[in-house]
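*Asks:* Here it is, the structure in full.
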Amino acid sequence: MSQPPTHDFPFPPGPLAEPPEQYAELGAGCPVSRVRLPSGDQAWYVTGYDEVQAALSDGRLSRAALREPGAPRVVTGPDFSDNPYNLLNQEGPDHKRLRRLISPAFTPRRAAALRGTVQRIADELIDDLVAAGPAGDLHRDYAAVLPVHVICALIDAPREDRPKIQLWTDRLVSITAHTPEERLSAREESAAYVAALIGQRRADPGDDLLSELIKAHDEGDRLTGQELVWLGINLLVAGHDTTVGAISRGLFALLRHPEQYRLLAKAPDDRGLLGHAVDELLRYAPPSDFGFIRVATEDLTIGGVDVAAGEGVIPAMHAAGRDSRHVTDPDILDLTRGDANHLAFGHGAHYCPGAGVARLELEIAFGSLARRLPELRLAVPEDQVRWIGGLLTLRPEVLPAEW
């Protein structure tokens, strides 16, 4: 236990936005290994499918314990792990209560009702791409825009606020790309923004999720004022950031494998194929190569490795999709495969409550492009696409394409 770590975290992305090269090494011989974090603290990094699933479902690994004195930290200075009102950082009864309050927004029925809105947004963005010329930036003008517009529609936030919402999100989910001061500023500015939205919606309620949460606070006393603000921030940030990464990275994977994109282009309205495609792209090209750190509240064992109480554990749920024990030929992209096993939405108590809406967005994002732009292709050699590091999600600086 006192031996120095063998790897520095975070790992750089692999060539062509493939998973970090360390994943293959760790997955083959050491699915639970020691890492040194940017803060200087150490943690256990979990990469195997079975081991990640076990860690995510183990109640002895706690996000709330990150606020205890001496708990390991990923970065120095303030970050979103410090906030006790953040849904991601809660455990037990409070976590269950808050999930129950937001669950009506993410039912299959609500997701289905949202389909028309998402489709309209996607069509408008593709119209703008086509009007601008036979080439464009798929990240800036499509992947980075669609999820923000969807979440703005979900909570009835002005679409013109998208740029500052994106800026705050980049800083809040920063690992090494932004300073502690920038992260703190983003936290304060986004909290003030959501508080102002709450004031507007309280005066003029609507048929949106934020209005429903305000009602839970004002009428049922089931939500504190701080919880109300931070649920709004959770929706703004978690509600779109990972989807941006999933669309950008998924599109790059499809355009690197044109025969797979052509499968979609031949049947862009086949929801069965689109469902398989979404799972395969989440497995093969997940939005992030990181994982959220947890703290062991008592001694436990993961994958045959003993973890002591107080130590940090990072289940890399996005690494699990390349585990050959669960996926045949995991380094091959195949939209028709039947074993696209992944943990991109998590597992256990913290399973993503918005998974159904995210799947809907991804189906429409990929299917709409395949229908409207069947000849879509990269406009530069694939190795010239540069990727931004230091953020929770992986995204390109530019994703140039032509059609």
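The values are calculated or read from the model by the stated rules, or taken from the named source; none is laboratory data. All of these numbers come straight from a predicted model, not from anything done at the bench. No Cβ is skipped: glycine too gets one built from the backbone with ideal geometry, and neighbour counts run over all protein chains shown.
*Asks:* Within the range 289-327, which residues are surrounded by fewer than 18 Cβ atoms within 10 Å (Cβ to Cβ) and touching a helix residue (DSSP H, G or I) at 6+ places or on another chain (Cβ under 7 Å)?
*Replies:* Once the filter is applied, which keeps residues that are surrounded by fewer than 18 Cβ atoms within 10 Å (Cβ to Cβ) and touching a helix residue (DSSP H, G or I) at 6+ places or on another chain (Cβ under 7 Å), the range 289-327 yields 297, 325.
*Asks:* For the range 349-362, state whether one or more residues are at negative phi and in contact with a Leu (Cβ under 6 Å, 6 or more places away or on another chain).
*Replies:* The answer is no; no qualifying residue exists.
*Asks:* Which one of 369, 300, 333 is in contact with a strand residue (DSSP E or B) (Cβ under 7 Å, 6 or more places away or on another chain) and hydrophobic (A, V, I, L, M, F, W, C)?
*Replies:* Being in contact with a strand residue (DSSP E or B) (Cβ under 7 Å, 6 or more places away or on another chain) and hydrophobic (A, V, I, L, M, F, W, C) holds for just one of 369, 300, 333, which is 300.
*Asks:* Just the residues that are part of a helix (DSSP H, G or I) and among the hydroxyl-bearing types (Ser, Thr, Tyr), please, taken from the range 8-46.
*Replies:* 23
*Asks:* Also, quick follow-up: Residues 170, 161: which one is within 25 Å of residue 79 (Cα to Cα), in contact with a Leu (Cβ under 8 Å, 6 or more places away or on another chain) and not aromatic (Phe, Trp, Tyr)?
*Replies:* 170
*Asks:* A further question on this structure: Consider residue 286 against the criteria (1) closer than 23 Å to residue 400 by Cα; (2) surrounded by 24 or more Cβ atoms within 10 Å (Cβ to Cβ); (3) at pLDDT 95 or above: it satisfies all of them except one. Which criterion is unmet?
*Replies:* Status for residue 286: all satisfied but (3).
*Asks:* Can you say whether residue 77 is in contact (Cβ under 8 Å) with a residue 60 or more places away in the chain and at positive phi, as far as the supplied structure shows?
*Replies:* Judged against the criteria, residue 77 is a match.
*Asks:* For residues that are of a type in the set (Phe, Trp, Tyr) and assigned to a loop (DSSP other than H, G, I, E, B), scanning just the range 326-381, find the one that is farthest from residue 136 (Cα to Cα).
*Replies:* 351
*Asks:* Residues that are surrounded by fewer than 15 Cβ atoms within 10 Å (Cβ to Cβ) and at pLDDT below 90: find the helices (runs of 4 or more DSSP H) completely inside the range 47-134 holding 2 or more of those.
*Replies:* 92-102, 108-132
*Asks:* Look at residue 206 and say whether it is on the phi > 0 side of the Ramachandran plot and either surrounded by fewer than 18 Cβ atoms within 10 Å (Cβ to Cβ) or in contact with a helix residue (DSSP H, G or I) (Cβ under 8 Å, 6 or more places away or on another chain) (or both).
*Replies:* Against the criterion (on the phi > 0 side of the Ramachandran plot and either surrounded by fewer than 18 Cβ atoms within 10 Å (Cβ to Cβ) or in contact with a helix residue (DSSP H, G or I) (Cβ under 8 Å, 6 or more places away or on another chain) (or both)), residue 206 does not qualify.
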